[in-house]
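Enquirer: A single structure is presented below for examination.
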Amino acid sequence: MRKRILWKNYGSLFGLIAIGLVMSLLSDRFFTLSNLINIARQVSINAIIAMGMTMVIITGGIDLSVGSLVALTGCTAILAMRLPGSDLTGIIVGLGLGAIIGLLNGLLIAYAQIPPFIETLAMLTIARGTALVITNGQPIVRFESPYRWLGEGMIAGVPVPVILMLLILGLTHFILSHTPLGSYIYAIGGNEEAARLSGVKVNRIKSIVYLISGLYTGISGMILAGRLGSAQPNTGEGFELDAIAAVVLGGTSLMGGRGSVWGTLIGVFIIGILNNGFNLLNVSPFYQLIAKGVVIIFAVLLDQILKR
Amino acid sequence: METQKSEYLLSMRGIVKDFPGVRALDSVDFNLRHGEIHGLVGENGAGKSTLLKILSGALRADSGDILLEGNPVSINNPRQSRELGIVVIYQELSLIPYLDVARNIFLGHEAEVGSHFVLHRQKMCQEASKLLKEFCSDLDPQSLVAELSVAEKQLVEIARALSQQSKILLMDEPSAPLSEREVEQLFNAIRTLKKQGVTIVYVSHRLEELAKITDRISILRDGRMVETRDTQSIDIEEIIRLMVGREISEHYPKEHAIRGERLLEVSNIAEHGEIPLQINAGEVVGLAGLVGAGRTELARSIFGANPLRRQRLSFLGKSIQPNSPAEAINYGIGMVPEDRKEQGLILQMTILDNLTIPMLSELFNGLSINRHRQREIAQAQVDQLKIHITSLEQQALLLSGGNQQKVVLGKWLAKNCRLLILDEPTRGIDIGAKFEIYKIINDLVKKGIGILLISSDLQELIAMSDRIYVMSDGCIIAEYPGGSTEQETILNCISRGEK
């Protein structure tokens, strides 16, 4: 099964290797252990968001609210840490808020039948607005807390965010491949009516999927705030596009019904290596945006040619 | 315990179902005996699908009672229906393409071979294999459904039904997409189910099949139950008479036209000694073969939808290589595809738009579309083909299968094409509408149009074709004259893959 999925994503894997080779030729600092670990740490935030996005997109939906939600959960968590109690309270509040907003997305999409694109677009602005309101539009200055370990810590030389990314990768793969919930996620995207007639509680499953996406986004929000050592209400802009690009690069169909976490992981690394490589090469961020778009188009084209 | 056992496993009494403007079911009584195979027939719109949907919980009856083993039950949603042991296999197969066979079979009831939260993959695959083996199928439970053939998918659906310990299995046109040999496999599967005590409702337009497989037959007409009879006591002629409410003197009104010039010749570059396919004006050429023999691929290649490089095409004596349907249409080639809902029509658009899509460029004068002319052309086709519609602005979605098929045909007639490819033009439509399609075919060849007819209904193919080619493995392996050839001869050739 896994072999087959990897084979289906052969195109993007090929693209990843090609980009990696080009980068190591262009910069001798690229293919070093410290840089590779650095890349893994840099991609972890997008990877965790993209894992949730993969599930959402397999059901045939989309979640545009993740970028703003990264900011909102981060700001809320840090504000909550100022309250009496422990730093742990802050994390619980941040993750809980992510899950609640995700669930709210799911409920509005599943039960009120608002198209996912519209609903999560609306949530994107609501979450961003809320983040600006609770922080007065100002970053919450540097703070010191053991909680920063989430973003900066290391275990046996491996950054904590990378470990979290691997755990969530494993969890998501397990959900998709080894649980009834996973079957239902593919079923809803593949043939929603058939799923309903098979007794799948379609609305409930959709709600759960958006909840997971919100929760994963909350985890990313915690990592990012920990990394920055501050809460920025304007952070996370465009994260939703990076996550969607990673999912699509990984061969998941935007029409729903097919896709895998392994593909998404490859997609995440393609984007991560591009960002990292361009920085090593001192490419201006403005050109980086253009180059990233062009590479994505070529990667997807290559994939389609190979699938033919 | 068994003393109270009622005569019928399931009885539906006085079922009424209204749709806006139509009474789909009018106090219908329907009784199923324990362990029988019960055929359900009727023209399209007679109410068969509505009846099945009420049983499966997809629709609710407006009034009437349903009794299971003598006890009244209510079926309000698909879950309740399934809990009562009723399972449906729909016409449009309802499997999930990118899940493997085992996960499809146990979709929605995974807990039976694992838990509610975790799949036991190994046990699931073992159970799935066991179920499939009962139908002599050694499908790998780990293969993706998207990679299976239609017949294999159907076996998966049946295995799925069996895995749910179903008491009553409703099958809606299960044989429609299958070739003759695959139908035999299906029948074996159905007989296996019967031996296990499953009661089966079998809906089909192929009456010969009903005569072969069913114990009793119920006939619906215009939302009313006309009659239920033992299969042995009724013949096909009588079923047809009861279905349509009138006599149809012959099923296939074949008329021969004058054969004209050579329209199309297809030869295979790679294969030596292969028979070239030739179609002349005024001729119906049939294409027989199993599903997967390459008939649709050949048709789509001629039409430029999926060009096959290994074929050489010549049209009216000139070598052509259509790379897109648009090019093929310019040569004068039209195609009525296999799947009218997915490929033949744009369901949300109006009948007017559907009928005139291929010729919009001719109606466009550079600034606007000539709406008046467009309506004239569409109306002419509606009149000529006797398409039953309320207005040209009606959505194609709302038409019955037969009328939809006529719209697809009409779109090409309006375009005045020379060669028309008909891929399974009568699949899933009722006898009355089939008869009309045959007449349209007659009219077309009389006008000098050449027709390539693909059909899995051999009787139809033999009766309506002037010549028949048999395909196997992407190649044409034999040619027979139409009309006179015995069904067995062609069947033999198809199933052996050689003449």
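Listed here are the residues, each with its yes/no results for (1) farther than 22 Å from A:Thr130 by Cβ; (2) of a type in the set (Val, Ile, Thr); (3) modelled with pLDDT of 90 or more.
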residue	(1), (2), (3)
A:Ser12	yes, no, no
A:Ile45	no, yes, yes
A:Ile57	yes, yes, yes
A:Leu88	yes, no, no
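Enquirer: Taking B:Gly197 as meeting all but one of (1) buried (at least 20 other Cβ atoms within 10 Å of the Cβ); (2) more than 30 Å from A:Gly257 (Cα to Cα); (3) among the small types (Gly, Ala, Ser), write down the number of the exception.
Expert: (1)
Enquirer: Within the range B:113-125, count every residue that is at the interface with another protein chain (Cβ under 7 Å from one of its Cβ atoms) and either touching a Lys or Arg at 6+ places or on another chain (Cβ under 8 Å) or under 20 Å from B:Pro78 (Cα atoms) (or both). Walk me through how you get there before you give the answer.
Expert: Going through the range B:113-125, the residues at the interface with another protein chain (Cβ under 7 Å from one of its Cβ atoms) turn out to be B:116-119, B:121.
Then drop every residue that is not either touching a Lys or Arg at 6+ places or on another chain (Cβ under 8 Å) or under 20 Å from B:Pro78 (Cα atoms) (or both), which leaves B:116, B:119.
So the count comes out to 2.
Enquirer: Any residue in the range A:148-169 that is among the charged types (D, E, K, R) and over 29 Å from A:Gln232 (Cβ atoms)? I'd like the intermediate steps shown before the answer.
Expert: The initial filter retains those residues of the range A:148-169 that are among the charged types (D, E, K, R), namely A:148, A:152.
Still in the list and also over 29 Å from A:Gln232 (Cβ atoms): none.
No, the range A:148-169 contains no residue that is among the charged types (D, E, K, R) and over 29 Å from A:Gln232 (Cβ atoms).
Enquirer: Here is a follow-up. Do we have any residue at all in the range A:260-272 that's outside any strand (DSSP E or B), under 23 Å from A:Leu13 (Cβ atoms) and hydroxyl-bearing (Ser, Thr, Tyr)?
Expert: Initially, the range A:260-272 is screened for residues outside any strand (DSSP E or B), giving A:260-272.
Adding the requirement that they be under 23 Å from A:Leu13 (Cβ atoms) leaves A:260-272.
Going one step further and asking which of them are hydroxyl-bearing (Ser, Thr, Tyr), we end up with A:260, A:264.
Taking every residue of the range A:260-272 in turn, at least one turns out to be outside any strand (DSSP E or B), under 23 Å from A:Leu13 (Cβ atoms) and hydroxyl-bearing (Ser, Thr, Tyr).
Enquirer: Still on this model: Report, by residue number, each residue of the range B:229-246 that is closer than 22 Å to B:Glu436 by Cβ and assigned to a loop (DSSP other than H, G, I, E, B).
Expert: B:Gly245, B:Arg246
Enquirer: Kindly indicate which of A:Ile58, A:Ile49, A:Ile78 is surrounded by 21 or more Cβ atoms within 10 Å (Cβ to Cβ), touching a residue at least 40 places away in the same chain (Cβ under 8 Å) and under 12 Å from the mean Cα position of the chain (by Cα). Before the answer, list the steps.
Expert: Numbers: A:Ile58 fails: under 12 Å from the mean Cα position of the chain (by Cα); A:Ile78 fails: under 12 Å from the mean Cα position of the chain (by Cα).
Within the list A:Ile58, A:Ile49, A:Ile78, the selection yields A:Ile49.
Enquirer: Show me the helices (runs of 4 or more DSSP H) entirely contained within the range A:148-251 in which 1 or more residues are farther than 30 Å from B:Ala161 by Cα, of a type in the set (Phe, Trp, Tyr) and more than 14 Å from chain B (Cβ to nearest Cβ).
Expert: Details: elements: A:149-152, A:160-178, A:180-190, A:192-197, A:202-228, A:239-249.
Of the helices (runs of 4 or more DSSP H) lying wholly inside the range A:148-251, those with at least 1 residues that are farther than 30 Å from B:Ala161 by Cα, of a type in the set (Phe, Trp, Tyr) and more than 14 Å from chain B (Cβ to nearest Cβ) span A:149-152, A:202-228, A:239-249.
Enquirer: Further, regarding this structure: Could you say which residue among A:Ile109, A:Ile126, A:Ile185, A:Ile118 is modelled with pLDDT of 95 or more and either on the phi > 0 side of the Ramachandran plot or under 19 Å from the mean Cα position of the chain (by Cα) (or both)?
Expert: Numbers: A:Ile109 fails: either on the phi > 0 side of the Ramachandran plot or under 19 Å from the mean Cα position of the chain (by Cα) (or both); A:Ile126 fails: either on the phi > 0 side of the Ramachandran plot or under 19 Å from the mean Cα position of the chain (by Cα) (or both); A:Ile118 fails: either on the phi > 0 side of the Ramachandran plot or under 19 Å from the mean Cα position of the chain (by Cα) (or both).
Testing whether each residue is modelled with pLDDT of 95 or more and either on the phi > 0 side of the Ramachandran plot or under 19 Å from the mean Cα position of the chain (by Cα) (or both) leaves just A:Ile185.
Enquirer: Then there is this: Mind checking which helices (runs of 4 or more DSSP H) fall wholly inside the range B:312-368 and carry at least 3 residues that are modelled with pLDDT of 85 or more and surrounded by 12 or more Cβ atoms within 10 Å (Cβ to Cβ)?
Expert: Details: elements: B:325-331, B:351-356, B:360-363.
It comes to B:325-331, B:351-356.
Enquirer: In the range B:388-413, how many residues are touching a helix residue (DSSP H, G or I) at 6+ places or on another chain (Cβ under 6 Å) and surrounded by fewer than 20 Cβ atoms within 10 Å (Cβ to Cβ)?
Expert: Matching residues across the range B:388-413 total 4.
Enquirer: Also: Quick check on my filter: what residues within the range B:56-112 are within 26 Å of A:Gly256 (Cα to Cα) and more than 11 Å from chain A (Cβ to nearest Cβ)?
Expert: B:Gln91, B:Val101
Enquirer: When you scan the range B:476-490, do you find a residue that is touching a His at 6+ places or on another chain (Cβ under 9 Å) and in the same structural domain as B:Ser267 (by TED's automatic domain parsing), even just one? Spell out the reasoning first.
Expert: Initial filter on the range B:476-490 (touching a His at 6+ places or on another chain (Cβ under 9 Å)): B:483.
Still in the list and also in the same structural domain as B:Ser267 (by TED's automatic domain parsing): B:483.
Yes - at least one qualifying residue is present in the range B:476-490.
Enquirer: Another question, if that's okay. So which of B:Glu436, B:Glu376 is surrounded by 15 or more Cβ atoms within 10 Å (Cβ to Cβ), of a type in the set (D, E, K, R), at pLDDT 85 or above and not assigned by TED's automatic domain parsing to the domain that holds B:Val41? So that I can check it myself, show each step before the final result.
Expert: Numbers: B:Glu376 fails: surrounded by 15 or more Cβ atoms within 10 Å (Cβ to Cβ).
The match here is B:Glu436.
Enquirer: Any idea how many residues of the range A:106-143 are in a loop (DSSP other than H, G, I, E, B), more than 21 Å from A:Leu215 (Cα to Cα) and in contact (Cβ under 8 Å) with a residue 24 or more places away in the chain?
Expert: Qualifying residue count for the region: 6.
The values are calculated or read from the model by the stated rules, or taken from the named source; none is laboratory data. Because the structure is a prediction, the values reported are computed rather than measured. Glycine gets a Cβ as well: all are built from the backbone with ideal geometry, and neighbour counts include every protein chain shown.
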